[in-house]
Each structure stands twice: as C-alpha cells, then as structure tokens.
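The values are calculated or read from the model by the stated rules, or taken from the named source; none is laboratory data. Quick caveat, the model's predicted, so the values are computed rather than measured. Positions of Cβ are backbone-derived with ideal geometry, glycine not excepted, and every protein chain shown enters the neighbour counts.
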Amino acid sequence: MINRKIKNILFLISLALFLISKPFPLQAKVSSQILFEKALQESREGDFIAAIKDWNLFISENPEDAAALSNRGNIHLALGNPEAAIRDQTKAIEISPGDFDPYVNRGIAQEALKHWKEAADDYNWVLKHNPDNSSALYNLGNVMGSMGNWLEAKRLFSKASSSRIGFAMARSSEALSIYQLGNLDLAEEKIRLLIRKYPLFADARAALSAILWRKGFMGEAESNWAAAAGLDIRYREKNWLLNVRRWPPNPTNDLIAFLALEDR
C-alpha cells in the first residue's frame, strides 16, 4: 500500500520534478559536495528513504542551500508529505527568490492538497517572468481543469506542448481537454497523431480506447486498450485517472464504462 501511494504521488510530480544540481564554491568541503551528489543520485533513482536522510544531513550542515531545500521538498512530496514539501520550497524561495524551480515545485505540492488558488499563484508567478515555462504551463492547465475551466486548460496544454519538444503528456492532455469540450473528431485526430509518434504511450492508447468506445467502434477500442493495459494497468482506476493523472470527467467516465462492458 505504501509503495502504491508513493508511485501515485510520484506520477503526479514526474513531469515537473526538479532535481537541482549546482556548482560548489571552491572553498566548499569535498565531503559536502559528495553528500550533495549522493542525495541527488538517490533522488533520481527513486531511493527516497535514503535520499531524505542524506538531504537532512546535508541541510543540517548547509541550512541556507536553496537547491538542497528544494530537492528535499520534492522528496517529502514523493513520500506523501506535501506540507513539509511546501515548507522546504518556501524556504528555498526566501533564500533564492529569483529561481523558478521552487515555485513550480511548491505549486505541485499545493495541488496535492487541492489548494488550487495557491498552486495557480505559484505557476502564474513563473509565467509572469518566463511565459514559455512548459512545466508551469502544463501544471496550471491541470489546475484549470480541476477548477472546471477546460477551455483555458486546453489553451495552456497546447502552449506547453509548443514550448517543449517531445512533451507528449501535454499533447495528450490537450486532446483530452478537446474531448471534454465535445469535439471527439478533433480529439481522435490529435490522439492518433500522438500514437503514430509514440506507439507505446499508454495515455494516448487509453484515451483512444475511450473515444472509439464512445463512437461505437468496440473492436478497435479493445485492441488499443490491450496495448494500454499492458503498458500501465492504473488506467483501470477511476480515482487515479481523475485525481492523479488528472483526466477530464467525460473521457474518464467513457473509459470506465468501456471497461465495465469488457469485464463482463
């Protein structure tokens, strides 16, 4: 259960998990540099228990290190403690107020608590200073969707995908927003283009299954679902789709209805 919870939280932040590396001043102790790099590597590898211990040790010796605080905040979130994550990101912002990463990371932690306004404020601060920041655009799109504004979410997802080459999840989220807004033909067109480029992308395969079921093409829906399920079985779970992956309600309900028929 704990591992499952960590996996779901990690998915929420995977598109914008900033593991910040930084040069050390010449006078810094070699041992501190080694400890920083060790904690960073553990974080990247998903060894969160070891990482939090090493970040704690490093920060106890370097309490004003903004990069370390922001990295530790990400690990707190991955371990299911968004309140501690927000504290670390806020301290990192106080120390280094011009850095974008802690604002984005704090916004993600605020989203985990469903503090939509606070999350939006952080993303909008980043976008005020860097309008093409793809992570802030994408996450603000998720916030707008959670607040029911799918038209604005679509615009933000589109801009996020244009701002970062290969941002497949943003393209998929844009198509899902179009689906939510009722244009199934355009949503299908965009999803098929995405699958053509990324044939092993589970999100797009699951989305196409839902669209095809809604249009009455059960056989093709089943074949795409077989591919999606083989890549990521979490697409069977309505709560995960809505609250972790953050699909819109209409595609989610269609996919769950399709799966209910398939399971009979």
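For this structure, a couple of remarks:
- Residue in segment 81-93 that is touching a residue at least 60 places away in the same chain (Cβ under 8 Å) and either within 17 Å of the chain's Cα centre (by Cα) or assigned to a helix (DSSP H, G or I) (or both) present: no
- Considering residues of segment 103-123 that are charged (D, E, K, R) and in contact (Cβ under 8 Å) with a residue 24 or more places away in the chain only, the residue farthest from residue 242 (Cα to Cα): 106
- Only one of the listed residues (135, 162) is assigned to a helix (DSSP H, G or I), among the polar types (S, T, N, Q), closer than 25 Å to residue 73 by Cα and out of contact with any Asp or Glu (no Cβ under 7 Å at 6 or more places or on another chain). That residue is 135.
- Filtered residue count, segment 205-217, keeping only those that are in a helix (DSSP H, G or I) and either surrounded by fewer than 21 Cβ atoms within 10 Å (Cβ to Cβ) or not assigned by TED's automatic domain parsing to the domain that holds residue 248 (or both): 2
One line per residue, one yes/no per condition, for (1) assigned to a loop (DSSP other than H, G, I, E, B); (2) within 22 Å of residue 140 (Cβ to Cβ); (3) without any contact (Cβ under 8 Å) to a residue 24 or more places away in the chain:
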site	(1), (2), (3)
175	no, yes, no
185	no, no, yes
203	no, yes, no
219	no, no, yes
240	no, yes, no
251	no, yes, no
259	no, no, no
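- Here the condition is being over 17 Å from residue 35 (Cα atoms), touching a His at 6+ places or on another chain (Cβ under 6 Å), aliphatic (A, V, I, L, M) and at pLDDT 95 or above; of 119, 84, it holds for 84 alone.
- Tabulated pairs, segment 137-155, first assigned by TED's automatic domain parsing to the domain that holds residue 174, second β-branched (Val, Ile, Thr), C-beta under 7 angstrom, 6+ apart or interchain: 154/178
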